[in-house]
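The values are calculated or read from the model by the stated rules, or taken from the named source; none is laboratory data. Not measured: the values here are computed from a predicted model. So basically every Cβ, Gly included, is an ideal-geometry build from the backbone, and we count neighbours across all protein chains shown.
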Amino acid sequence: MRKIFPVFLLIALSFLPNPARAQDEGANALDFLPPDHFKAGWVASGNEIFTDLAGAAFLLKNDIPLLKEFKLKWFATETYTDYEGGITIEIYQFPSASDAFGYYALSPIPHIKPSISPDIVVKPYDLPPPADVDSLRLISNEFIEGFKDKFYIRIKAENEDTRADLMDIATYVLGSLPGMAVKADIVSVLPKDGLVMGTERYIKGPVGLNLLLSDLSIGEDPFGFDSYSPEAAAGEYRLGGGEYFLLVVFKYKDSDSCTAVANALQGFFSDMDWQTLIVPPMKSGYHPRAFSKESVSAFWPAGNNLWFCYDLSNAEKLTLALELFDK
């Protein structure tokens, strides 16, 4: 059930954030919705909503599974208008900065296909690539989103006239949030050679992984999130000649869990009618297990970590990809 709170009747003549509020550790998403006139001419509608995940389901719709996976705590939204139209500000509060970054890096934007420059990312796996840390991205001039500390923001413009204000408003809202924009620690496991910067993603469960690997149909959870609770990092990589592919590194609590998942994956690919490919061992001593169907993929366990290369065009390209990680 949604909860509607009265709008704070405050007038902020300055564009600067409120330092006292930003330092309040007990502050939540509601506290960071801008007051009236936070930017000249913008007035709150008075329909402010502040609710938890269950109460926000009617608003957030298809985003609910991913928000549940990242354990959304509170959601706040308000519509603001000026003489040209309106904008809606949404602020999501997560348990940690890692969760906020994770949602930001994976959140699908409904009905929008971003225009991506081939010089940056050719294959964005049906998702807009995350921006670099600190940490706003504009999606088709209709949405802007960002993250900072344990908060994620999304701001929507009502019409062309109000879109021009999106960047200024988003900068103000991010400035009012405490802390810093930081990526999840686990993304540091991704090798730098060949990595398309800004495509790092934090995977906390099968919902997020399914967004990236939608063509693989991994509804059975073959990577063992339910059984072994790994965390994972994903990034897009580029080979010479413009070949792009995805690397996902899963981190398990121990090597036995990692080995168990690797053994199960062997059967998973066989059951999915992927053809087994023979590839030579890596110089580092690991033995990739490779499979081919419409594309080529491979995985190998390395201690507590399971490495998974996905969506290469052929076995030759797979060999070149493995050389990037054979350190």
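Worth a mention:
- The residue list 214, 176 contains one member that is among the polar types (S, T, N, Q) and either more than 30 Å from residue 85 (Cβ to Cβ) or free of Cβ contacts under 8 Å to residues at least 24 places away in the same chain (or both), which is 214.
- Cβ-Cβ contacts under 6 Å between residues 6 or more apart (or on different chains), taken from a first residue in the range 310-323 that is at negative phi to a second residue that is in a helix (DSSP H, G or I), are listed as 312/318; 312/321.
- In the range 265-291, the residue that is surrounded by the fewest Cβ atoms within 10 Å (Cβ to Cβ) out of those that are within 21 Å of residue 225 (Cβ to Cβ) and of a type in the set (A, V, I, L, M) is 272.
- Residue match in the range 87-98 (condition: buried (at least 17 other Cβ atoms within 10 Å of the Cβ), modelled with pLDDT of 75 or more and part of a helix (DSSP H, G or I)): yes
- Residues in the range 208-257 that are over 20 Å from residue 294 (Cα atoms) and among the basic types (Lys, Arg): 251, 253.
- Test: residue in the range 278-298 that is closer than 18 Å to residue 235 by Cα and touching a helix residue (DSSP H, G or I) at 6+ places or on another chain (Cβ under 7 Å): yes
- Selection status of residue 262, closer than 22 Å to residue 228 by Cβ and part of a strand (DSSP E or B): no
- Verdict on residue 50 being at pLDDT 90 or above, buried (at least 18 other Cβ atoms within 10 Å of the Cβ), over 16 Å from residue 145 (Cβ atoms) and among the hydrophobic types (A, V, I, L, M, F, W, C): yes
- A count restricted to the range 229-276 and to residues that are out of contact with any helix residue (DSSP H, G or I) (no Cβ under 9 Å at 6 or more places or on another chain) and basic (Lys, Arg) stands at 1.
- Verdict on residue 180 being among the hydrophobic types (A, V, I, L, M, F, W, C), closer than 23 Å to residue 73 by Cβ, surrounded by fewer than 21 Cβ atoms within 10 Å (Cβ to Cβ) and modelled with pLDDT under 90: yes
- Cβ pairs under 6 Å, 6+ apart, first in the range 69-82 and surrounded by 22 or more Cβ atoms within 10 Å (Cβ to Cβ), second acidic (Asp, Glu): 70/99; 77/90; 78/48
- Of all the residues in the range 292-307, those that are over 15 Å from residue 260 (Cα atoms) and surrounded by fewer than 21 Cβ atoms within 10 Å (Cβ to Cβ) number 4.
- In the range 227-245, the residue that is surrounded by the fewest Cβ atoms within 10 Å (Cβ to Cβ) out of those that are farther than 18 Å from residue 313 by Cβ and within 20 Å of the chain's Cα centre (by Cα) is 229.
- Screening the range 214-226 for residues that are of a type in the set (A, V, I, L, M, F, W, C) and surrounded by fewer than 21 Cβ atoms within 10 Å (Cβ to Cβ) and picking the one that is modelled with the lowest pLDDT gives 218.
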